[in-house]
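These notes concern the structure reproduced below.
The values are calculated or read from the model by the stated rules, or taken from the named source; none is laboratory data. The structure displayed is predicted, hence computed values, not measured ones. Methodologically, a virtual Cβ is constructed for each residue, glycine included, from the backbone with ideal geometry; neighbour enumeration extends over all protein chains shown.
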């Protein structure tokens, strides 16, 4: 895995994300062939992870290192919201 992929995965976990899950049930028809009988697609939400936020800031944003180490959970949550806002603004302006 490349460093950039790791950073993106860590950012995704830090911000939280939604993922689709598929549950498929199969049965056999009269000819004995396996056929799809039911399929259920659900969306599962994974909440933001404060440990991932802290690791992301410590590893990739060295200027934050000293302040991040002393941040409380509430301060980390505030920083998470700030980063989410920045990412949203970048996405809206087309700079992604």
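List of remarks:
- Region 66-82, residues that are touching a helix residue (DSSP H, G or I) at 6+ places or on another chain (Cβ under 9 Å), under 14 Å from residue 14 (Cβ atoms) and assigned to a helix (DSSP H, G or I): 68, 73, 76, 77, 79, 80
- With respect to the conditions (1) more than 21 Å from residue 4 (Cβ to Cβ); (2) out of contact with any strand residue (DSSP E or B) (no Cβ under 9 Å at 6 or more places or on another chain), residue 28 lacks only one, and its number is (2).
- Looking across region 84-94, the residues that are assigned to a helix (DSSP H, G or I) and modelled with pLDDT under 85 come down to 86, 87, 88, 89, 90, 91, 92, 93.
- Within region 20-62, the only residue that satisfies the criterion of being surrounded by 10 or more Cβ atoms within 10 Å (Cβ to Cβ), part of a strand (DSSP E or B) and touching a residue at least 24 places away in the same chain (Cβ under 8 Å) is 46.
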